[in-house]
Amino acid sequence: MTKPLFSVIVPLEYHRGQWERCWLGWQAQTVAKSQYETILVVSPDFPEPDKLAALLGPQDRLEYSDEQHDIGLCAIGAARAHGQYLFFTESHCWPEPDVLEKCLQAFATHPEWVGFSCQSIRITHNRLSTAEADMYESDIEFGMKRHPWRKILDQCFVTRRDVYDQCGGLKSELGHFAEWVLAANYAELGHKIGYLPEARFHHYYLGKLSELRTFTLDFITGEMRYFAEDTHGAGHLLEVPDEWICQGNWDRRLAQKLLRMSMYDILVPSISRLRQPLLFLRTPTRWLMPAIGGERPALAGAAARVALKRIVTMFAILAAPRSWISAAFKNYVAALIDHQRLACLKEQRDAPTQPALMSQADLRSGWDVFAPQNAGFYPIETYNETRFRWSEPAAMMSAWMNEGRHRISIECIPKRPLARAGLRFYVDGRPLPAQDISIGPDTIDITFDLAQSGQCTLGWTCLRFHGKDDSRWLGLPIKRIVPKPAAQLSASKLATIAAK
């Protein structure tokens, strides 16, 4: 039998009662039946298995799998497909009759495309499904027309099979986030994905908060699992979530050390600190709850916001104008995302099979300002094409240091005058004397001594910097920390340090 040109992969999971309409749409295509096969990938809990076999034609087949997720079913279908092109869709979507015909024309017209997404047309039936369509269509339009690479839409995406395999395919363990990962892999390998609005699909929006919640939590769980693999370089296209890159802010151990540092500032005030009296109250308050409960207080607050936003959304659905429903709907989704990211961090931290927050490899890599385990840092930013991170007025980092004398240089971008920052530095909780700190225009050189090798913490406190139109409590704008040559200590000096 001649191999088909297209393999249409239909996962029978999130079908929303529309799978038969989806099937009929594929059977009505205007191209010859010999040019495509339709693969129905069936999960164990599909409710109507007896209907399936009677529907199949000579170019159609069933593939059974223990997978419970659309993405996993799509991956199974792709692995077992025979076609030169893989067409991914969803069972609550159905194509117009000329979709495959237009796809053939597009591959001929655009040889530079290795794949493309089609146009998604909404089917709504209640007020929430309309708000749901508004939100997702806005995101789809951004991805298809403005975003540089996020152009894979798994409800209607066709690709060359060889390129799909080269880019690693869909990863079932990442859930719906696998769509974004695959799009990033295509872009990083230099493949171009197009958008073909002439090929139209109808997408059925269910309009149920429970399904919206399930989808959102699944996407975010996959996102956090992806970054937890710790195999992705700084140059990867996917944007790191704030909760991930700032996870050290919920490290209970570091928060306790930061709380002690801030209390020292209160007990030993300086003239410069008296210019910002609120700093004495804000800094210990900032670290009190993480020092007591780690991420648990933040997680509880996020859960309360989810509950509140859900109530607001339900009331809006009952009587509010469409614009209010859309706003409430988006706020609810945003609250779900915030809560799920924190929940995933806690689950990863508490898992007995997971390594500690900072592994030995992390610690031995030196003072990495971009490490997610640092406490008291904001997300990564760019200034004149240079990556950097703002710290808070109190911050702390960890690294593995050998015994002896060390000298490091903290290099900052030119955003604030360092000499007037009121800086204090601490190594393993011990305040450094002023003679061991040298402050230049954009660098701070620090010298300190360690009596034994092991994990070392470097912390600091400073005055708040008021950025223009920035309400954050800013500390140091650090781009990197590099070691410098330092004189060796004598044995007697090391013994004195150890005695302290």
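Calculate the length of the line joining the C-alpha centroid of the stretch 92-155 to that of the stretch 37-77, in whole Å.
So the two Cα centres are separated by 23 Å.
Once phi is turned into ³J(HN,Hα) by the Karplus curve 6.51 cos²θ - 1.76 cosθ + 1.60 with θ = phi - 60°, what whole-Hz value does each residue of the stretch 400-417 show in order, with x for glycine and proline?
Once rounded to whole Hz, the list reads 8, 10, 7, 5, x, 8, 10, 9, 10, 10, 8, 9, 10, 7, x, 10, 8, x.
Just need the relative contact order of the chain here, percent rounded to a whole number, with Cα pairs under 8 Å and 6+ apart.
Value for the chain: 12 percent.
Pull out the extension gain between E48 and R160, defined as 0.36 nm times the separation in residues minus the alpha carbon to alpha carbon distance; nm, one decimal.
Full-extension gain reported as 37.1 nm.
Among all helices in the chain defined by DSSP H, which have a length of 18 Å or more along the axis from Cα atoms plus a Kyte-Doolittle mean of at least -0.5?
The answer, listed by residue number, is 209-228, 252-267, 277-293, 296-319, 322-350.
With r defined as the distance between the Cβ atoms of F280 and A419 and R0 fixed at 30 Å, what FRET efficiency is calculated, to the nearest 0.05?
My answer for the efficiency is 0.85.
Please state, as a whole number in µm²/s, the translational diffusion coefficient that the Stokes-Einstein equation yields for the stretch 214-302 at 20 °C and 1.002 mPa s, with Rh defined as the Kirkwood radius across alpha carbon pairs.
After rounding, the answer is 137 µm²/s.
Determine the relative contact order of the stretch 360-499: mean sequence separation of Cα pairs under 8 Å and six or more apart, normalised by residue count, in whole percent.
33
Summing +1 for each Lys or Arg and -1 for each Asp or Glu, what net charge is found among the other residues whose Cβ lies under 11 Å from the Cβ of K171?
Combined, the nearby Lys, Arg, Asp and Glu give -2.
Could you work out [θ]222 nm for the chain from helices alone, using -39500 (n - 2.57) per DSSP H run of at least four and dividing by all its residues? Round to the nearest 500 deg cm²/dmol.
Using -39500 (n - 2.57) per qualifying helix, the result is -12000 deg cm²/dmol.
Which log10 I(q)/I(0) values does the stretch 360-499 give at q = 0.13, 0.14, 0.15 Å⁻¹ under the Debye formula, counting every alpha carbon as one identical point scatterer?
Debye intensities relative to I(0), on a log10 scale: -0.56, -0.64, -0.74.
For an R0 of 60 angstrom, estimate the FRET efficiency from the Cβ-Cβ distance between E198 and S409 and round to the nearest 0.05.
0.55
Can you run phi through the Karplus equation (6.51, -1.76, 1.60; θ = phi - 60°) for the stretch 146-163 and list ³J(HN,Hα) in whole Hz, with x for Gly and Pro?
After applying 6.51 cos²θ - 1.76 cosθ + 1.60, I find 10, 5, x, 9, 7, 10, 8, 10, 5, 7, 6, 10, 10, 8, 5, 5, 5, 6 Hz.
For the stretch 6-206, what are the per-bin percents of Cα-Cα distances with bins 5 Å wide, up to the bin holding the maximum?
Per 5 Å bin, starting at 0, the Cα pair percentages come out as 1, 8, 16, 22, 22, 17, 10, 3, 1.
Given H placed on each backbone N at 1.01 Å, which residues far from H202 in sequence or on other chains put an amide H within less than 5 Å of it?
Those qualifying (amide H under 5 Å, at least 5 residues apart or on another chain) are W94, E96, I121.
With the cut-off at 31 Å, tell me which of the pairs K257/K330; K3/K145; K145/K208 have Cα atoms farther apart than that.
K257/K330; K3/K145
Can you tell me the length gained on complete extension of the stretch D242 to D428, counting 0.36 nm per residue apart and subtracting the Cα distance?
Full extension of this stretch gives 64.3 nm more.
Place a point 7 Å from the Cα of R472 along the Cα-to-Cβ direction; which residues of the stretch 248-280 have their backbone N under 18 Å from it?
248-251
The numbers here are math on the coordinates, done by the rules we state, and not lab data. This structure is a prediction, so every number in the text was calculated from the model and none was measured. Virtual Cβ from ideal backbone geometry, glycine too; neighbours counted across all protein chains shown.
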